[in-house]
Amino acid sequence: MAYRKTPAELRRLETARDHLVARATEVVAEVGWAQASVTAVADAAGIAAGSVYQHFPSKAALAVEVFRRASGHEVEVLGEVLRAEGDPVERLARGVETFARRALENRGLAYALLAAPAEPAVGAERLAYRLRYRALFAETVEQGMAAGLLPPQDGRITAAALTGAIGEVLVDPLGTPDEGSTEALLVELVAMALRCAGAAPAP
């Protein structure tokens, strides 16, 4: 009969895995994907490098899990804002501001998620998560059209433009140590997003 791990052993392994992913996320935020070696992650987690492979078959697999967890959380936060009650145009503005502010508050990790050179497996995950962001923006734009607050348009195209533009605007601020004026950047970014969607200018 094959040995089966007990529930206590499974919980211990899951806790150890979560700890490893958390420390790996911190390393990636600090030094980027390329420098986040298995040894560096193991040192941060306080374990031997060989122990990493008890949880992940390769560095790429660990990197993918780091990306999925971090990006998945950001998608959830954006979804909560965009799907809240109220005016869809106001929700769109709050969503863009919330996403950008969170990125600027954790620049190292945000740059890693959005733009830093990474292994092909992480690049594939980036494309998948962009589709999730686009779906959320498209849903909100379509609600704005239904409410008569946005002009007729293809919500999917607008959402794709928003997703790409927001990421492009944030790349330079995230990749440089000079924080600059965060509030001014957020104001301009939100205004750009609303223009892109065709929202009426504020009085």
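The values are calculated or read from the model by the stated rules, or taken from the named source; none is laboratory data. Remember, it's a predicted structure, so these values are computed and weren't measured experimentally. For neighbour counting, all protein chains shown are included, and Cβ atoms are generated from backbone atoms with ideal geometry for every residue, glycine included. For the accessible areas, the whole protein counts, side chains as well, though only heavy atoms, and no ligand, DNA or RNA atoms are used. Shrake-Rupley method; radii C 1.70, N 1.55, O 1.52, S 1.80 Å.
Summary of computed values
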item: Portion, in percent, of the accessible area of the chain that falls on carbon or sulfur, probe 1.4 Å; result: 57
item: Helical segments meeting 24 Å axial Cα length and Kyte-Doolittle 0.5 threshold in the chain (DSSP H); result: 155-175
item: Solvent-accessible area per residue for segment 7-56 (1.4 angstrom probe, square angstrom); result: 56
item: Descending Cα extents along the principal axes, segment 138-203, whole Å; result: 42, 27, 12
item: Dipole magnitude of the chain, debye to nearest 20 (Cβ charges: Lys/Arg +1, Asp/Glu -1, about Cα centre); result: 800
item: Selection from M192, T15, V64, by position along the positive dipole direction of the chain (Cβ); result: T15
item: Unit charges on C-beta of K, R, D, E only; dipole of segment 147-192, Debye; result: 320
item: Cut-off 15 Å (backbone N to label point 7 Å along Cα→Cβ of K5), residues of segment 49-75; result: 51-57
item: Per-q log10 I(q)/I(0), segment 7-56, q = 0.21 Å⁻¹ (Debye; single scatterer per alpha-carbon; no solvent); result: -0.67
item: Options L109, G123, V77, ranked by Cα towards positive dipole end of segment 76-203, top entry (Cβ charges); result: G123
item: Segment 20-167 - Kirkwood radius from inverse mean 1/r over Cα pairs (Å); result: 16.5
item: Cα-based convex hull, segment 28-84, per residue volume (Å³, whole number); result: 93
